[in-house]
Amino acid sequence: MAIRTILYGYQVKNGKTVIHNEESEVVKRVFSLYVEGKTLNSIASMLTEEKVAYFQDEVKWNKNTINRMIENEKYMGNEVYPMIISTSLFNQTKAVKEKKSCKQETHTPEVELFREISVCGKCGSRFKRVNTWGTREKWMCSK
């Protein structure tokens, strides 16, 4: 199986990296769909169903491929790659991604205090907080 060595949306002509017209339209579409609220999986499924070729007739897309695409700053252009995505669209995509991310929130001072003073009655280890589906929490011995 061959491996793609250049970013999707580009091709090499006469030793220079240039925009591949059909692929660059897909790149723009991916960024736009993500900003509109589509998930990585839904975009990947859509491209797979439409039989959009990724590389050498390979039409299977996945969320990791889409994720790598929307996180790659080279699409805004640099000394090697010409610009496909505007800086504003890239920043919008980045903002949407940060909003969707599941970053752990900082604990309240009360939770931190409880964490410091609570210990297991059997072994003396500290308790840890376990969040289950974001709707329930449990405090369990860390051992």
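Restricting to segment 67-126, count the residues that are hydrophobic (A, V, I, L, M, F, W, C) and within 15 Å of the chain's Cα centre (by Cα).
Residues in segment 67-126 being hydrophobic (A, V, I, L, M, F, W, C) and within 15 Å of the chain's Cα centre (by Cα): 6 in total.
Based on this model, can you work out whether GLY15 counts as over 26 Å from LYS100 (Cα atoms) and open to solvent by 40 Å² or more (accessible area, probe 1.4 Å)?
Numbers: over 26 Å from LYS100 (Cα atoms): yes; open to solvent by 40 Å² or more (accessible area, probe 1.4 Å): yes.
Against the criterion (over 26 Å from LYS100 (Cα atoms) and open to solvent by 40 Å² or more (accessible area, probe 1.4 Å)), GLY15 qualifies.
Conditions (1) under 20 Å from the mean Cα position of the chain (by Cα); (2) among the aromatic types (Phe, Trp, Tyr); (3) modelled with pLDDT of 95 or more, marked per residue:
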position: ALA2; (1), (2), (3): no, no, no
position: ILE6; (1), (2), (3): yes, no, no
position: VAL18; (1), (2), (3): no, no, yes
position: VAL26; (1), (2), (3): yes, no, yes
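Output the residues belonging to segment 27-39 that are surrounded by 19 or more Cβ atoms within 10 Å (Cβ to Cβ) and within 14 Å of MET83 (Cα to Cα).
Those that are surrounded by 19 or more Cβ atoms within 10 Å (Cβ to Cβ) and within 14 Å of MET83 (Cα to Cα): VAL27, PHE31.
Restricting to segment 23-63, what's the tally of residues that are among the polar types (S, T, N, Q), assigned to a helix (DSSP H, G or I) and touching a residue at least 12 places away in the same chain (Cβ under 8 Å)?
Qualifying residue count for the region: 5.
Could you pull out the residue among ILE66, ILE43, ILE84 that is hydrophobic (A, V, I, L, M, F, W, C) and farther than 30 Å from ASN131 by Cα?
The match here is ILE84.
List the residue pairs whose Cβ atoms are under 9 Å apart, where the first residue sits in segment 109-125 and is closer than 16 Å to MET140 by Cβ, the second is open to solvent by 90 Å² or more (accessible area, probe 1.4 Å) and among the aromatic types (Phe, Trp, Tyr), and the two are 6 or more positions apart or on different chains.
Close Cβ pairs (under 9 Å, with a partner that is open to solvent by 90 Å² or more (accessible area, probe 1.4 Å) and among the aromatic types (Phe, Trp, Tyr)) do not exist here.
On the given criteria, is TYR81 touching a residue at least 40 places away in the same chain (Cβ under 8 Å), outside any loop (DSSP other than H, G, I, E, B) and touching a helix residue (DSSP H, G or I) at 6+ places or on another chain (Cβ under 9 Å)?
For TYR81, the condition - touching a residue at least 40 places away in the same chain (Cβ under 8 Å), outside any loop (DSSP other than H, G, I, E, B) and touching a helix residue (DSSP H, G or I) at 6+ places or on another chain (Cβ under 9 Å) - is not met.
Please state which of the following conditions ASN67 fails to meet, knowing it meets all the rest: (1) in a loop (DSSP other than H, G, I, E, B); (2) surrounded by fewer than 17 Cβ atoms within 10 Å (Cβ to Cβ).
Here ASN67 meets the rest and fails (1).
Can you find a residue in segment 97-112 that is closer than 30 Å to ARG126 by Cβ, open to solvent by less than 50 Å² (accessible area, probe 1.4 Å) and of a type in the set (Val, Ile, Thr)?
Within segment 97-112, one or more residues are closer than 30 Å to ARG126 by Cβ, open to solvent by less than 50 Å² (accessible area, probe 1.4 Å) and of a type in the set (Val, Ile, Thr).
If a residue must be open to solvent by less than 90 Å² (accessible area, probe 1.4 Å), assigned to a helix (DSSP H, G or I) and not β-branched (Val, Ile, Thr), how many such residues does segment 84-96 contain?
Selection size over segment 84-96: 5.
The values are calculated or read from the model by the stated rules, or taken from the named source; none is laboratory data. For clarity, every value in this text was computed on a predicted model and none was experimentally measured. Because the Cβ atoms are built from the backbone with ideal geometry, glycine has one as well, and the counts that use them run over all protein chains shown. These area figures cover heavy atoms from the full protein model, side chains too; ligands, DNA and RNA do not enter into them. Shrake-Rupley method; radii C 1.70, N 1.55, O 1.52, S 1.80 Å.
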